[in-house]
Every structure is written in C-alpha cells, then in structure tokens.
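Structure first, commentary second.
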Amino acid sequence: MIKITVLSENSATTGFLAEWGLSILIEVDGHRYLLDTSQSFTAVHNAQLLGIDLATVEKVILSHGHYDHTGGLLEVLRRTGPIDIIAHPDIWEAKYAVYGEYRRYIGIPFSREQLEGLGACFHLSRQPVWLDERTVTSGEIPMTTEYEAPDARLCVREGDSFRPDPFADDLAVAIKSQEGLVIVLGCGHRGMINTIRHFQEITGEERVHTIVGGTHLIAASPEWLAQASEDLRRIGVGRIGVSHCTGLPASCWLAGEFPEAFFSSNAGMSFTVP
C-alpha cells in the first residue's frame, strides 16, 4: 500500500501548523521516506500531532536546495538520528532571489558539516535512485516542453555575479501503484509536465494516477496554464493535488479545469493508493 501524508505546506487543516514550505511523508509497503523538511519546525510538530515517529523514516530526499524545503532539516535529524539523505550535488550552490537591486539568500540555511554532525549522510546523485522496488527519485529532469522554464529571478551566485538557476537539482519522487504512477513533487522548478514524462520513461509506466506537491506555477502565464492543462488531459492524470508554490490563481485554474480530479493537499492531509 502507498500512503502520502502532507506534514507541512502553506495552508493547513484544523489543528495543524502551516508555513511557506513543503514536507511530505511517503509510505510504501512498510518503508517510510520523507521528501523535504519545510522551512522550520512545522513538519516535526505536525508529525507529532499525527502520531508519526520520524525515527522510523528510512531516508530523506531533498527536492532542491532552497530554505523552504530544507530549513526543518536540523529538527528532523534530531529525531531520526543518523540517516541517508538523497539529493543532487547542486543543492549546495549559493542560491539567491534577485529582483532588480534586491538580493536575498534562499539556499540551505545550514552548512554541510553542521548537518553531518547530526548524522546526515549525503548521497548526491545526478541519476535516478531506486529507493525500493516501486519507488524512485527523478535524478536530473530533462527540459522537453517548449513552455516550461525555471523562474529567471531565482539565481545562483558566482563571485559578485548572478546567473539564472537552471535547477538541475530539482528532484521529485514516483511510486508505481497498481493504478499507475503516484508522483510527489517538491517545487517542480523543471516543470510538472517535464517531470511526469521523465518518470514515464524511467519506470516504463504510462498511466499517472496522482500528482501531488509544488508545481511552481505561481508566476505562470495564462498560455502556460492552458498548455499544461492540455498536456495533463493528454497524459490522463487521474488526481491532481498541487499545493505550495503552485499559487492560488493557478490552483483555482486547475480546480476549474479538472473539477473531478482536483483535491486539497494541505498540511495534515493524507491519502492512500493500492
């Protein structure tokens, strides 16, 4: 059985804490994996409310090197103890938000040494990593659509200059279910459709049962949203639970385009798939 639980997100069901960030617990046939740790302590807090012992998590996967997906890592490590962390080598790049003259560091708020001192064992790979027989990370996601592109205002600092971040470190997780793929996105900086197609190729499974998580459609144009909707229909995605950096306008658009498939994926929510 597959169970997906949103531990932290921008909004929350009654009694849970919310913050700008994302953390999702993935359970597959008795295995437990944690995709991202949100921005601070909310993932740990909400896990405790749900009665989830984070010491039972086998691996942590970091979707990319932004603070709102890695800032809770210290709190998580204090509960898991030594643990493998799967990520891309570029998570350690100096990541910034650049808006005109405005510059703000948005990368991982801890040093690698600090995290390793708490038991983090980093396994950095550009290739997909199979976590078990049904669960795989994306590795680097090819840019195949004409309309999906990373936000040019999100940059990497090199000396005194900044270049747009290509987000080679953008990872997602897919699980092969009896009814098709369950795809869990962190932020989808490389594109939701690019990610889906990449997982179809990796796994050999064309059916997509569910897509859940962040899609970074927050600044997508109407043309982008229309094309994404068309591609989602062509792929035949069964359920759509986008959240976090999708943004309210894009979420409303998708809810209107897919009223039978769209569902809320707030902190505290969970669902199961055979």
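The values are calculated or read from the model by the stated rules, or taken from the named source; none is laboratory data. Being a predicted model, the structure only gives us computed values, none of them experimental. We place every Cβ from the backbone using ideal geometry, glycine too, and count neighbours over all the protein chains shown.
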> Consider residue 131 against the criteria (1) buried (at least 21 other Cβ atoms within 10 Å of the Cβ); (2) over 19 Å from residue 108 (Cβ atoms); (3) not small (Gly, Ala, Ser): it satisfies all of them except one. Which criterion is unmet?
Replying inline: (1)
> Out of all the residues in the stretch 243-274, which are outside any loop (DSSP other than H, G, I, E, B), in contact with a strand residue (DSSP E or B) (Cβ under 8 Å, 6 or more places away or on another chain) and more than 10 Å from residue 217 (Cβ to Cβ)?
Replying inline: 243, 244, 255, 262, 267, 270, 271, 272, 273
> Any idea how many residues of the stretch 1-36 are hydroxyl-bearing (Ser, Thr, Tyr) and assigned to a loop (DSSP other than H, G, I, E, B)?
Replying inline: 3
> Looking at residue 86, is it closer than 20 Å to residue 21 by Cβ and either part of a strand (DSSP E or B) or in contact with a helix residue (DSSP H, G or I) (Cβ under 8 Å, 6 or more places away or on another chain) (or both)?
Replying inline: yes
> What number of residues within the stretch 200-231 satisfy the criterion of being surrounded by 14 or more Cβ atoms within 10 Å (Cβ to Cβ), in contact (Cβ under 8 Å) with a residue 40 or more places away in the chain and assigned to a helix (DSSP H, G or I)?
Replying inline: 6
>> I'd like to check something: does the stretch 192-201 contain any residue that is of a type in the set (Phe, Trp, Tyr), under 30 Å from residue 100 (Cα atoms) and within 17 Å of the chain's Cα centre (by Cα)?
In response: no
> Given (1) buried (at least 24 other Cβ atoms within 10 Å of the Cβ); (2) closer than 16 Å to residue 108 by Cβ; (3) in contact (Cβ under 8 Å) with a residue 40 or more places away in the chain, where does residue 67 come up short, assuming only one miss?
Replying inline: (1)
>> Looking at the structure I just gave you, is residue 156 buried (at least 24 other Cβ atoms within 10 Å of the Cβ) and not in a loop (DSSP other than H, G, I, E, B)?
In response: no
> If only one of 272, 195 is among the hydroxyl-bearing types (Ser, Thr, Tyr) and either surrounded by fewer than 18 Cβ atoms within 10 Å (Cβ to Cβ) or modelled with pLDDT under 95 (or both), which one is it?
Replying inline: 272
> Residues of the stretch 37-82 being assigned to a loop (DSSP other than H, G, I, E, B), within 21 Å of residue 177 (Cβ to Cβ) and within 14 Å of the chain's Cα centre (by Cα), which ones?
Replying inline: 63
>> I need the full set of residues from the stretch 232-252 which are of a type in the set (A, V, I, L, M) and either at pLDDT 95 or above or crowded, with 17+ Cβ neighbours inside 10 Å (or both), in order please.
In response: 232, 235, 237, 240, 242, 250
> Quick one: what pairs do we get from the stretch 246-270, first residue closer than 20 Å to residue 148 by Cβ and among the aliphatic types (A, V, I, L, M), second part of a helix (DSSP H, G or I) and at pLDDT below 95, C-beta under 6 Å, 6+ apart or different chains?
Replying inline: none
> Looking at (1) part of a loop (DSSP other than H, G, I, E, B); (2) surrounded by fewer than 18 Cβ atoms within 10 Å (Cβ to Cβ); (3) charged (D, E, K, R), which is the only condition residue 140 fails?
Replying inline: (2)
